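Derivation of every value follows stated rules applied to the coordinates shown; laboratory data play no part. These figures come from a predicted structure and were not determined experimentally. Cβ atoms come from the backbone with ideal geometry, glycine included; neighbour counts cover every protein chain shown.
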Amino acid sequence: MAASGLMLVLAILFTFAITANGAGRLGHTSYLKKGSSLSVNRASDIIQSQDGTFSFGFYNLSPTAFTLSIWFTRSADRTIAWSANRDHPVHGIGSKVRLNKDGTMVLTDYDGTIVWQTNTSSKGTDHAELMDSGNLAMKDQGGNILWQSFDHPTNTLLPTQPVTAKAKLVSTDLSHPSSYYTLRFDDRYILSLAYDGPEISNLYWPNPDLSSWLNYRISYNSSRKGVLDNLGQFIASDNTSFVSTDWGPGIKRRLTLDYDGNLRLYSMNDSDGSWSVSWMAFSQPCDIHGLCGWNGICVYTPVPACFCPPGYVVRDPNDWSKGCKPTFNFSCGGDDQPMSFVSLPHTDFWGSDLDFIPMTSLDACATFCLNTCSCLAFEYKSDSNDCYLKSVLLNGKTVPGYPGTAHLKVPQNFLSKQFSYTLGNSETLDCNASSAKVEVVVFDSDAHSNVGNDATLWYYLYGFLAAFFLIEVCFIAFGWWFMVRKQLTHSEIWAVEEGYKMVTDHFRSFTYKELSEATKNFKDELGHGSYGPVYKGILHDKRVVAVKKLGDVKQGEDEFHTEASIIGQIYHMNLVRVRGVCSEQKHRLLVFEYVENGSLAMALFGNRRLLQWDQRYNIAVGVAKGLAYLHHECFDWIIHCDIKPENILLDNDFEPKISDFGVAKLLRRDQTDPNMSKVRGTRGYAAPEWAHNIPINEKVDVYSYGVVLLELVAGRRASELTASGTDDAEVAMRQLVWTIREKLKSGDRSWITGFVDPKLSGNIVDSEVWLILEVAAMCMEKERSLRPSMNDIGSDWLPDSTSLAPPPPPPPQAAALRGRAVMARSSEFEEHRPWRRQVPTSRLLEYTVECPPVAALPTAVRLPARAAFATAQSWAAGCDTTVKHAMDFWY
């Protein structure tokens, strides 16, 4: 009996263990069945994705406040990826979410009040599933998605989750409820960051001072979609593109619009669940609009912080987005309260211009503002004598070196006061790694005001301390200004800002003295290009480099460093590597890797070693790959604008490397030319659209590449090839291209020998010469939509010989061989960048080989273009006949 009783007890305990274990597993299922619910009262009521990355359930903001959220299970702080009710938390007792039988998911508070529900009412809903991507999806029995959280993002995008015309990110944080930042597509279909405040709305990313073209964006693409992939690259339909610094698979990432208005890409460390920033839209937070609220000013000290101007006090010390309020009442002048101005050098309040008066004096500008009641301040730029009247004081920032001065309207009696402001009482922006409090003294008073003899001792002490700090600040500022003259370096600012790591082993900043010593005071000149001379130099570590001095660079140091660092991150075997940059005072220099064999121009047109045909063909393929990378694969879309033999260098193995790519980005474009239609190419290589004053795209490089192909074959300058009776170089070039195209269509090969470089002595591959000329003719089409992309040239027309499929066996009697050249991008690329489609989309070449006797209909064999022609050649040789170019049409 005792044994039986013991067995009974063990059985009961075993059953209880199984039940408890089953209940635990049930709490971590990835499904919520129809009719089931999750309760805030049960901590185990959590749904997890199958891989355990994400959890869904009630997230405790406090002991009594909960949101229905999806969060990263293994992150250190359980970071939220999505919330259903982030603005309306529910109570910690009695709240629940239920998947009703009518197909709706409903969140109710403790009293039964509906706080949130899905907009679905399909009885076909079978269950809700938390997928491994972090997407909460309601599905029917067939697995079709009826509703998903990916269509309703909050402030975070997960990989594969799109931002669309309807789905936008909105920044909200419970500790900063007045954050008004959004990531959305604007009226021009440009993906933008916007400050959507209750009284005013403006865009601040991409740069609102530049056109969409200069921001490398493409407007009015109706698809309006952007996606972060699993490798860490974001691509949008307007050409927005950026890549995580830790690009690659296997890393958990999130793209979050933080409450400070900065868009950041975060990557999670699996070992401790911490997050690090791997990309962000702004390295300088003061460029974010509305960051310090109304009347507030963002300043670098050197850490970014907010402060109020003279005569203003902060509204809420715990929330700087509410800005500052004046301590006086504005009036339109008069005897009761005459108004004057307080000057804030190097300060700007972007936007809200009441009026613009060009070429006027400072006094006249002040008079205009005094006479305009709605004018709160005016901006005066001494370098251009321009006057901007301001009706709103928003987006204020102080940047050393900025040429403008903001003059704030205040009562005249304020001019006799001294204003002291301590940033210790204000908020230091989160991107700062330091928590030190820095005191800034702002002193705008009448320098000749008298101090009464009956002033108290503390007043003297106060004045002495203020004057001491003022003199110290002025001394440091003057010394800084003297060292850098007009533009101040922001390296100190960048050094403390989150995510900035410009100085690396591959790309670093050089001083002008370093480069002067390396080049022996710029004595050994290698050449002189469109953008400036190039000198040979030897660094202290014995590396040989090429140093280019850039001329006519009007950018400030911060902008120049930013653009140069982007170029420095570009790496491809057919692109010259950028090793570093120098930006001191007016000096702007780029440091490149040294390429041993000089330029293609020296090899083709000089007295250097003769380039054999196989080397020339390899150069054509390599240049195509390099340009394809710049146009299609590089995270920052780049047009070279000056492809020519002088900008194609050859290494020890005569592998081509394109130089000067991206340099056009470093030279500030004419502000009156927003569509970038100013001629930049070299005569003879420039596409026709340069001269026709129309916006350009990457097809200008395709045209120039076609000219280079002709020169590779002929061994002469294109200008020599077009020598004819006309003085118009463009007309002569079109005549040459038309002649080549007609001869290619005729199938007559006799003229090739006279066209090819005679120095080769006939040591060529006819089929490759034919193919190169055919590609050159396509590239030099006058209508740019008919030109192929560099991606297509590299993949379909000039692939490596190793990538060609083995030719099919020769036909017994007859065959028609078709080589297809795709003129649009691949389907994968089309999915993300449909705005790049060209019409017509494809070209079909059909080569026919007839081996008598001809019996049946020809058999069509489709191969890449080069393989098609080469195979046709081999068939023709076996049949003792020639290849007929039977078809050449577009579809």
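Points to keep in mind about this one:
- Tyr31-Lys759 FRET efficiency (beta carbon distance; Förster radius 51 Å; 0.05 resolution): 0.10
- Distances between placed amide hydrogens fall under 5 Å for Ser340 paired with Val410, Gln412, all partners being 5 or more residues away or on another chain.
- For Gln117 and Glu633, a Förster radius of 41 Å and the Cβ-Cβ distance give a FRET efficiency of 0.40, rounded to the nearest 0.05.
- The H on the amide N of Ile696, modeled in the peptide plane, is under 5 Å from the matching H of no residue at least 5 residues off or on a different chain.
- Simple spin-label estimate for Ser274 and Ser39 gives 4.0 nm between the two label positions (7 Å along the Cα-to-Cβ direction from each Cα).
- Region 753-763 - phi-based ³J(HN,Hα) in whole Hz, Karplus 6.51/-1.76/1.60, Gly and Pro as x: 4, x, 8, 5, 3, x, 5, 7, 6, x, 7
- Thr360-Trp751 FRET efficiency (beta carbon distance; Förster radius 51 Å; 0.05 resolution): 0.15
- Placing a label point 7 Å from the Cα of Val106 along the Cα-to-Cβ line, the residues of region 31-45 whose backbone N sits under 18 Å from it are 33-40.
- Assigned charges on the beta-carbon of Lys, Arg, Asp, Glu; region 159-289 dipole about Cα centre (debye): 480
- Whether region 134-274 is rounded, prolate or oblate, judged on the alpha carbon gyration tensor where a/c under 1.5 counts as rounded: rounded
- A simple spin-label model places pseudo-atoms 7 Å from Cα toward Cβ; at Asp151 and Ile538 they are separated by 6.8 nm.
- Unit charges at the beta carbon, dipole of region 157-281: most positive-side option, Asn221, Met268, Ala281: Asn221
- Label point of Phe330 set 7 angstrom out along Cα-Cβ; within region 199-228, no amide nitrogen lies under 13 Å from it.
- Sequence of Glu633, Glu689 once ranked by neighbouring C-beta atoms within 10 Å, starting from the fewest: Glu633, Glu689
- Cut-off under 5 Å, modelled amide H: who pairs with Trp294 long-range: Gly323, Cys324
- Multiplying the residue separation of Asp132 and Leu231 by 0.36 nm and subtracting their alpha-carbon distance yields 34.1 nm.
- When the pairs Lys542/Lys625; Lys548/Lys759; Lys225/Lys782; Lys139/Lys166 are compared against a 27 Å limit on Cα-Cα distance, Lys542/Lys625; Lys548/Lys759; Lys225/Lys782 fall above it.
- In order through region 698-706: 3J(HN,Hα) via Karplus (6.51 cos²θ - 1.76 cosθ + 1.60), integer Hz, x for Gly, Pro: 5, 5, 5, 5, 4, 4, 4, 4, x
- Of the trypsin sites (Lys or Arg not before Pro) found in region 573-637, those that fall in a DSSP loop while having at most 15 other beta-carbon atoms within 10 Å are Lys586, Arg608, Arg609.
- In terms of the mean number of neighbouring beta-carbon atoms within 10 Å, the peptides 186-198, 766-778 order highest first as 766-778, 186-198.
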